[in-house]
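This report concerns only the one structure given below.
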Amino acid sequence: MDAVGDRDWICDLAYAGAMIGVHLSRLGEDLVLFSSTEFGFVRLSDGFSTGSSLMPQKRNPDVAELARGKSGRLVGNLTTLLTLLKGLPTGYNRDLQEDKEALFDTVDTLLLTLPAVAGAAETARFRPERMGAVMDAQLLATDLADYLVKKGVPFRESHEVVGRLVRRAEERGVSLATLEVAAFREEHPAFGEDVPAVFDWIRSVDSRDSEGGTSKRAVAAQIEAARIRLEG
């Protein structure tokens, strides 16, 4: 009775499919957002985007949008199967013939969506010049707080000090990085003449050198670990 009525394996497959769908949806949202005119950090290739029927200049991130939408089917199929099983007595019931549609649709949807998203990601091109143009020194405010911590200032105090400096820069309408050293020292005497060195993007990312960090070494290690898992 348990054997003929068991559909756990289908639910397991549908759950895996739903989670893949959620991840694809989040990746699709990133591609939609960061390829928009407002960001422009990435450009999708012509093979994975289409022109607008009305606006000749528009590039629609179709694959990313469809991947985001397909996740609804995958999550829905899991919900369908769990609901189907919820009220059944032990053993086989004719209701279980309804499992096929959800199962087959999950498999078909993944076979359609995964290659398309992989192709869109593989052929996409980053636009570092656009990213650099919108980078703001306030992104390094935490580095500024870390600078004080290394000088022996408790982080809670450092956090408050940097908050005041950010507010001061905003009130002046200038970048945090362009404040004079005297302005830093007015907020806390631990700031030294070397504080402008904090505002270095490369130094900032390379300073996070722990496992899973942002340094070149850490990122290279993560890429290599991912490659080994995929090839394994």
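The values are calculated or read from the model by the stated rules, or taken from the named source; none is laboratory data. None of these values were measured; they are calculated from a predicted model. Here the Cβ positions follow ideal geometry from the backbone for every residue, glycine too, while neighbour counts run over all protein chains shown.
Does any residue of region 38-55 turn out to be in contact (Cβ under 8 Å) with a residue 24 or more places away in the chain and closer than 29 Å to D2 by Cβ? So far as region 38-55 goes, no, none of its residues is in contact (Cβ under 8 Å) with a residue 24 or more places away in the chain and closer than 29 Å to D2 by Cβ.
Taken together, the residues in region 108-156 that are part of a loop (DSSP other than H, G, I, E, B) and within 25 Å of the chain's Cα centre (by Cα) amount to 5. Tallying residues that are surrounded by 14 or more Cβ atoms within 10 Å (Cβ to Cβ), basic (K, R) and touching a Gly at 6+ places or on another chain (Cβ under 8 Å) within region 40-62 yields 1. When restricted to residues that are touching a strand residue (DSSP E or B) at 6+ places or on another chain (Cβ under 7 Å) and free of Cβ contacts under 8 Å to residues at least 12 places away in the same chain, region 23-37 contains 1.
Scanning region 1-22 for residues that are without any contact (Cβ under 8 Å) to a residue 60 or more places away in the chain and surrounded by 13 or more Cβ atoms within 10 Å (Cβ to Cβ) yields D6, A16, M19, V22. The set of residues in region 121-155 being of a type in the set (D, E, K, R), loosely packed, with under 15 Cβ neighbours inside 10 Å and over 18 Å from S35 (Cβ atoms) consists of D136, K150, K151. The residue that is surrounded by the most Cβ atoms within 10 Å (Cβ to Cβ), among those in region 67-107 that are of a type in the set (G, A, S) and outside any loop (DSSP other than H, G, I, E, B), is A67. Within region 38-63, the residues that satisfy the criterion of being at pLDDT below 90 and either assigned to a loop (DSSP other than H, G, I, E, B) or not assigned by TED's automatic domain parsing to the domain that holds T123 (or both) are S49, S52, S53, L54, M55, P56, Q57, K58.
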